Amino acid sequence: MVEQVSLPTGTKPEGATSEQDASRKVREMFTRIAPRYDLLNHLLSVQMDKRWRTRTCRELRPILDRAGAIALDLCCGTGDLAFALARDAKLRIVGADFSHAMLVRANEKNALQGTEKRNIPFLEADALRLPFADGSFDLVTAAFGFRNLANYEAGLREIFRILKPGGTLGILEFTEPAPGPVGQLYRFYCQKILPKIGGFISGDAAAYAYLPKSVARFFRPDELASLMRQVGYSPVRYHLMTLDSVALHLAVRP
């Protein structure tokens, strides 16, 4: 008899008793780690996070080059993907996140872009209840933030709602490699090394213990692609990067 594996419905921080509680705990966690967030992203990924964003921009270049188009970088954090998307792009970009502390950092970086570069408006908003009209965006992206939603299906449906017909969704997210030597090495680093470094530098051990647990609980790439199709996106495809530890999902609202 084949054992049935239950798929995740949303993130589950330690001690969370409901979707609202999970969302609150995630927001509080990002508030605490915001001051060291960028430093730790670059350090813990060995600067690979920059390559992942570059690959994402390359895949989305046809949309980025469309004058008059508009994109939303959802769960934007401190704005790194939004800034990467905006580089040499013709479309307009808006960032949104539900953590005020992360948006403070994003706006500080925005001010450093200089007058020769376009400022990106960053808005405080919950990904499950977005303050945008139906069909507002040609592109919605989310880099390493979708995994933290309290309800994944609801998040995909809300993004579907605000995309224009023919609009594209791009989700860049961690995933666990398949079992084997590479997967074992990855899990050793994520479970034993990453929490210690992240906890030491940030002063918040719980936040960096949450990271590998949230990745382990998250969808495998084909599972997320399947949920996207169930919600109504078509076509759906994904690319794996860096020993299959990161996936970029690209989907279209018909």
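Per-structure values
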{"quantity": "Unmet requirement for Phe98, which otherwise passes all of (1) more than 17 Å from Leu250 (Cβ to Cβ); (2) out of contact with any Asp or Glu (no Cβ under 8 Å at 6 or more places or on another chain)", "calculated": "(2)"}
{"quantity": "Verdict on Ser214 being hydroxyl-bearing (Ser, Thr, Tyr) and assigned to a helix (DSSP H, G or I)", "calculated": "yes"}
{"quantity": "Residues being closer than 19 Å to Leu7 by Cβ, among the aliphatic types (A, V, I, L, M) and more than 16 Å from the chain's Cα centre (by Cα) - total across the range 206-254", "calculated": "3"}
{"quantity": "Output for the range 19-62, where each listed residue is surrounded by fewer than 17 Cβ atoms within 10 Å (Cβ to Cβ), more than 25 Å from Tyr186 (Cβ to Cβ) and of a type outside the set (D, E, K, R)", "calculated": "Gln20, Thr31, Pro35, Pro62"}
{"quantity": "Complete set of residues in the range 217-241 that are under 14 Å from Phe146 (Cα atoms), among the hydrophobic types (A, V, I, L, M, F, W, C) and part of a helix (DSSP H, G or I)", "calculated": "Leu224, Ala225, Leu227, Met228"}
{"quantity": "Qualifying residue in the range 178-200 (condition: in a loop (DSSP other than H, G, I, E, B) and in contact (Cβ under 8 Å) with a residue 12 or more places away in the chain)", "calculated": "yes"}
{"quantity": "Residues of the range 52-98 satisfying the condition of being in a loop (DSSP other than H, G, I, E, B), free of Cβ contacts under 8 Å to residues at least 60 places away in the same chain and either basic (Lys, Arg) or touching a Gly at 6+ places or on another chain (Cβ under 6 Å) (or both)", "calculated": "Gly79, Arg87, Lys90"}
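Each reported figure results from applying straightforward, stated rules to the coordinates on display, with no laboratory input. Worth saying up front: this structure is predicted, and the values here are computed from it rather than measured. All Cβ positions, even for glycine, are placed from backbone atoms using ideal geometry, and neighbour counts span all protein chains on display.
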